[in-house]
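Have a look at the structure below, then the notes.
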Amino acid sequence: MVNPIFNRPKIAKLQLVILYLLLASLFFACSPTTVQPKEGVWYQVREGETLDAIAQRFSVDVILIQRENQIYDARDIFVGMNIFIPRTQGIGVSPQIEAGRGQIRMIWPSLGTISSGFGKRQGRMHHGVDLTRDQGKDILAASSGVVEFLGVQSGYGRTIIIDHGNGIKTLYAHNEKFYTKKGRRVKQGTKIAKMGNTGRSTGIHLHFEVRVNGEKVNPLRFLPVR
């Protein structure tokens, strides 16, 4: 009987199989990987623009822009910076937000400067916009509704929540003084409070939130561009 170790035809066949496997692995390793392009556009930041304003212009949540461009603080953008705006044409906006925008028209609760926008801030999520007192301390109802809550909330200090119907509510925090009462129906533009520094706050300002069916959303989606 012939020793299989010295069976040359079998050894040659085995070598061919090994060579074939090596060539196949090299072929697949060198083949280009197909990458699906992301939906969106590139945009260059202009003078005076904020990330919130850009997000509002393209109807995209500011958090999506921050995530795509690895912007951890919305204030870190600069003039001339190229950023990718993902999912334009309203994609990525929840149906609740889109429905809410069509049901209500808001005004700015204060004409103060935006000192902090909606989005991540120092590693934590900031669920509203902060407005300074440089245009006065009066706080106005952003839209007509019923005062659902008036009192103190943890972190927010003296707080007012107005129910505008259809699952839409607005919150006004850190107040010094109230000018309305719980259960009262207020009209848009009614003076409801005075800016303060109550709760978790580092200075006199208004923290303003919009909630749609319990979801805290970017107030700039509801407020007029200014």
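Are there any pairs with C-beta distances below 8 angstrom linking a residue in the range 120-147 that is in contact (Cβ under 8 Å) with a residue 60 or more places away in the chain and more than 26 Å from Asn166 (Cα to Cα) to a residue that is part of a strand (DSSP E or B) and of a type in the set (Lys, Arg), with the two at least 6 apart or on different chains, and if so which? Every condition considered, the pairs that remain are Lys137/Lys194. Of all residue pairs spaced 6 or more apart or on separate chains, those with beta-carbon atoms under 6 Å, a first member in the range 54-78 that is among the small types (Gly, Ala, Ser) and a second member that is surrounded by 17 or more Cβ atoms within 10 Å (Cβ to Cβ) and assigned to a helix (DSSP H, G or I) are Ala55/Val62; Ala55/Ile65; Ala74/Leu51.
Regarding Glu68, is this residue modelled with pLDDT of 75 or more, surrounded by 10 or more Cβ atoms within 10 Å (Cβ to Cβ) and at negative phi? Spelling it out, Glu68 is indeed modelled with pLDDT of 75 or more, surrounded by 10 or more Cβ atoms within 10 Å (Cβ to Cβ) and at negative phi. With respect to the conditions (1) in contact with a strand residue (DSSP E or B) (Cβ under 6 Å, 6 or more places away or on another chain); (2) under 21 Å from Met125 (Cα atoms), Ile162 falls short on a single one, namely (2). Listed conditions (1) out of contact with any Phe, Trp or Tyr (no Cβ under 7 Å at 6 or more places or on another chain); (2) at pLDDT 85 or above; (3) surrounded by 11 or more Cβ atoms within 10 Å (Cβ to Cβ); (4) not in a helix (DSSP H, G or I) are all met by Phe78, apart from (3). If the condition is being surrounded by fewer than 20 Cβ atoms within 10 Å (Cβ to Cβ), out of contact with any Lys or Arg (no Cβ under 8 Å at 6 or more places or on another chain), not in a strand (DSSP E or B) and not acidic (Asp, Glu), then the range 134-158 contributes Gln135, Gly136, Ser154. Taken over the range 171-219, the residue count meeting the criterion of being surrounded by 22 or more Cβ atoms within 10 Å (Cβ to Cβ) and under 17 Å from the mean Cα position of the chain (by Cα) is 7.
The values are calculated or read from the model by the stated rules, or taken from the named source; none is laboratory data. Just so it is clear, the model here is predicted, and its values are computed rather than measured. Note that each Cβ is placed from the backbone with ideal geometry, even for glycine, and that neighbours are counted across all protein chains shown.
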